[in-house]
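First the structure, in the form of structure tokens, and then the observations on it.
Only the coordinates and a few stated rules stand behind these numbers; no lab work does. Keep in mind the model is a prediction, meaning the values are calculated, not measured. A quick note on method: Cβ atoms are made from the backbone with ideal geometry, for glycine too, and the neighbour counts reach across all protein chains shown.
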Amino acid sequence: MRKKYLTLGILAILTIFIRTQPIYAQSCGFGATPLSARASAIPGQKVVVTWNLYNMYSDRKTHILINYTSDVGWKVTIEPQARNVSYELPAGIVTILENLALDPLPPVQYKPEVIPYGVNYVKHPTADLYIPAKTVTFTIEVPTDAKIGERHTFHFKAKGECFLGTGAVIPALELGLDLTIDVVSPEFYERELISGAPWYLQYAWAIVTAALLVIAVVTLIILRRRRIPT
């Protein structure tokens, strides 16, 4: 009898372990590249930056919502735009606000010949592989009245979340892109400044002109005196 109960107990433990193991194995994550960027733009120009997001870490779809902060009120457009999307789960239908969703995809050895719009293949940092990624495009409009020499920063933040079968959310990490934009002149020029030179160098042309004028006057006077009879 004790042996029977012991066997049932072992089976019960094994059953509990098998049923609960997937819960502990669930993960939610994503990656991004680059994490920083810098651009130069003239007044009135649009700056377009592409951000690659990928999911090769989690075992389920990661839903990405993107926000940004900046030290200036320039117009910023994010593509794809955030929208409410509904998904059917075992527990029912749930709706989430997202810019895009990343399916878990492993790295590949070769890039496909035809790459769909909004998709990119990022070089793996440590292996001779490519990571399938989805692209997010940021368009920043520099105002026409922006001052030459201005420098402004933009911090884009991507937050990822994954669903459980019950509809609950697994929070993933947050990743950011720091973008710096310098406002530059539309024309390039290079002029030597001599403001620190001695005064006689700054006005050399005037001094030379005056000296030539004096020489001419003196010469004229001398010639006239020579022509006067004694």
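For the stretch 77-150, chymotrypsin sites (Phe, Trp or Tyr not before Pro) are listed when DSSP marks them as loop and at most 10 other Cβ atoms sit within 10 Å of their Cβ; the list is Tyr110, Tyr117.
On the beta carbon distance between Ile148 and Leu89, with R0 = 35 Å, the FRET formula returns roughly 0.05. Summing Lys and Arg as +1 and Asp and Glu as -1 over all other residues whose Cβ lies under 12 Å from the Cβ of Thr180 gives a net charge of -2. Partner aspartates and glutamates whose Cα lies under 20 Å from the Cα of Lys123, excluding those fewer than 8 positions away in the same chain, are identified as Asp103, Glu113. Working from label points 7 Å from Cα in the Cα-to-Cβ sense, the Thr126 to Val108 distance is 2.3 nm.
For Leu177, Leu97, Leu65, the sequence from fewest to most other C-beta atoms within 10 Å is Leu97, Leu65, Leu177.
Taking amide H atoms as placed 1.01 Å from N in the peptide plane, the amide H of Asp59 lies under 5 Å from those of Ser27, each 5 or more residues away in sequence or on another chain. Other residues with beta-carbon under 12 Å from the beta-carbon of Trp51 carry, at +1 per Lys or Arg and -1 per Asp or Glu, a net charge of 0. Remark: spin-label model distance Asn67-Leu35 equals 2.1 nm, labels positioned 7 Å along the Cα→Cβ axis. Backbone phi angles across the stretch 146-160, fed through the Karplus curve with coefficients 6.51, -1.76 and 1.60 (θ = phi - 60°), yield HN-Hα couplings of 5, 8, 4, x, 5, 9, 10, 10, 10, 10, 9, 10, 10, 10, x Hz in residue order; Gly and Pro are listed as x.
Taking amide H as placed 1.01 Å from N in the peptide plane, the amide H of Ile42 sits under 5 Å from that of Val184, each at least 5 places away or on another chain. For the stretch 211-217, putting each phi into the Karplus relation 6.51 cos²θ - 1.76 cosθ + 1.60 with θ = phi - 60° gives couplings of 5, 4, 5, 5, 4, 5, 5 Hz, in residue order, rounded to whole numbers and with x for Gly and Pro.
With a cut-off of 12 Å between beta carbons, the residues surrounding Thr139 carry a summed charge of 0, where Lys and Arg count +1 and Asp and Glu -1.
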